[in-house]
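Written out below as structure tokens is the structure these notes cover.
The values are calculated or read from the model by the stated rules, or taken from the named source; none is laboratory data. Computed from a predicted model, the values in this text were never measured in an experiment. Using ideal geometry, Cβ is built from the backbone for each residue, glycine included, and neighbour counts are taken over all protein chains shown. Note: areas computed on protein heavy atoms with side chains; ligands, DNA, RNA excluded. Shrake-Rupley method; radii C 1.70, N 1.55, O 1.52, S 1.80 Å.
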Amino acid sequence: GVHPGVIARHYSDAAMPEAAAPWHERAAARAMGLRAHDEALAHLALAGDSAAIDSARGEVLIRLGRYDEAIAALEAALTTDDLNPGATAATLHRLADVHDRLGEWALAQERLRAAEEALGTSTGPLWARLRTDQALSSYRLGGLSQARALAEEVTREATDPAEQARAWNVLGMVA
């Protein structure tokens, strides 16, 4: 029942940063859930270095609207060796989202393609999301036929109704 930040602080005060790190990570997750993003960022700064921490830091920075710092954190996550293909694809997808928010649609599309390549032959929910976002990016860049083809593929292949709906929305924009 004790707040993880309290435990983290006790370990930090006892000069035990390795023991404090996972508690800072838990405290950051709790703070993010409460939308206390500055507090989450402070805990993540003390949680150590790993792909998961860099990804979490990037997520908090996105929520704070600090996109350049978010890009740096997410790219740092990609430089570590402890990411599996799904996590690599998810991180690249978040990078694409940030570039999309900044209106950098060509960069977003590059990241989406890299994410799909990292994902491999999987055709699960992340694949559908990536393809729909590629369709939207193609639409924004003026590639209407490519946008249509990608969105139609998702409507045929995806099993997630929400992702099929997003694909139908892109098809509506193209039409």
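Over the range 19-136, Cα pairs under 8 Å with separation of 6+ residues give a relative contact order of 17 percent. Shape class of the chain from the Cα gyration tensor (axes a ≥ b ≥ c, square roots of the eigenvalues): prolate, since a/c reaches 1.5 or more and a/b is larger than b/c.
Is the C-alpha gyration tensor of the range 77-175 telling us rounded, prolate or oblate? Criteria: a/c under 1.5 is rounded; beyond that, a/b larger than b/c is prolate, otherwise oblate. It is oblate, given that a/c is not under 1.5 and a/b is not larger than b/c. Please say if the range 1-59 is rounded, prolate or oblate, where rounded means a/c under 1.5 for a ≥ b ≥ c the square roots of the C-alpha gyration tensor eigenvalues, and otherwise the choice is prolate for a/b larger than b/c and oblate otherwise? The shape class here is oblate. In degrees, nearest 10, range 0 to 90: what is the angle between the Cα axis of helix 17-33 and the longest Cα principal axis of the chain? That helix lies at roughly 50 degrees to the long axis. Charged side chains reduced to their Cβ positions (Lys and Arg at +1, Asp and Glu at -1) give the range 98-163 a dipole of some 140 debye around its Cα centre. Per-residue Karplus couplings for the range 109-119, computed as 6.51 cos²θ - 1.76 cosθ + 1.60 with θ equal to phi - 60°, are listed in order as 5, 4, 5, 5, 5, 5, 5, 5, 5, 5, 5 Hz, Gly and Pro entered as x.
Rank Ala135, Ala165, Ala47 by mean-square fluctuation in a GNM of the chain with C-alpha springs under 10 angstrom and give only the top-ranked residue. Top of the fluctuation ranking is Ala165.
Once the Cα atoms are used to define both axes, helix 161-174 deviates from the longest principal axis of the chain by about 50 degrees.
Accessible surface of Trp127, taken over heavy atoms with a 1.4 Å probe and every protein chain present, rounds to 20 Å². Computed from backbone phi, the HN-Hα couplings of the range 57-72 come to 4, x, 4, 5, 5, 4, 5, 7, x, 9, 5, 4, 5, 5, 4, 4 Hz, rounded to whole numbers (Karplus: 6.51 cos²θ - 1.76 cosθ + 1.60, θ = phi - 60°; Gly and Pro given as x).
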